[in-house]
1. How far apart, in nanometres, would the label points at R126 and Q75 be if each is projected 7 angstrom from Cα along the Cα-to-Cβ direction?
2. For T129, what charge total do you get from the other residues with a beta carbon under 12 Å from its beta carbon, if Lys and Arg give +1 and Asp and Glu give -1?
3. Nearest 10 degrees is fine. How inclined is helix 57-71 to the longest principal axis of the chain, computing both from alpha carbons?
4. Once Lys and Arg get +1 and Asp and Glu get -1 on their Cβ, which of A74, I34, I47 lies farthest toward the positive end of the dipole of the chain?
5. Using only the alpha-carbon atoms, how far is helix 85-95 inclined from the longest principal axis of the chain? Give it as 0 to 90 degrees, nearest 10.
6. Per DSSP H run of at least 4 residues, take -39500 (n - 2.57); add these up for the chain, divide by its residues and hand me the 222 nm value, nearest 500 deg cm²/dmol.
7. Beyond a 20 Å Cα-Cα separation, which of these cross-linked pairs lie in this structure: K27/K104; K70/K99; K27/K59; K27/K122; K27/K99?
8. For D26, project a label point 7 Å along Cα to C-beta. Then give me every residue of the stretch 52-80 with its amide nitrogen under 14 Å of that point.
Amino acid sequence: MNPEQNIIEIRENPHENYTDFYMHSDKGQLTSSIDLNTLEYEIIDYIIYNAYRRQGYGKELFKFGVDHAKSIGAQAIIGVNIVSRESINVIASVIGEDKVTIEKLGDYTPQGKDDNSVNRTKASFRYDTRAL
């Protein structure tokens, strides 16, 4: 799997103090924003469509977001509203478990469902790109 081959479109939406990014492929999407004052890059949302889950595309898309953040000079990458246990696993495998703060570890999303509305995970992460 090559994430660059899977990315169909990257759209930028510049504002005065930040820029939003929308990355979309036939397998999923990632929404992010960079604060132009602090250079914090927030991964706001990322989702892999149901038919492509558990095949490694989530990890590839998340890595693509991390690489994109680094390529535009982000000093930190953050995520403040992680609600799926699957996402926690992906994020920890890419940036390290020590960068993830878990407030509540919910159940895995049932097969065939878009989310786990019964027992959700609540977590966040912060990854300092300068520490490399």
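Read the figures in this text as sums done on the coordinates, not as results from a lab. Remember, predicted model here, so these are calculated numbers, not experimental data. Every residue, glycine among them, receives a Cβ derived from its backbone with ideal geometry; neighbour counts consider all protein chains shown.
1. So the label points at R126 and Q75 sit 1.3 nm apart.
2. With Lys, Arg at +1 and Asp, Glu at -1, the net is +1.
3. So the inclination is approximately 10 degrees.
4. I47
5. So the helix axis and the longest Cα principal axis differ by about 40 degrees.
6. -6500 deg cm²/dmol
7. Too far apart for the 20 Å limit: K27/K104; K27/K122; K27/K99.
8. Only 52 pass the distance filter.
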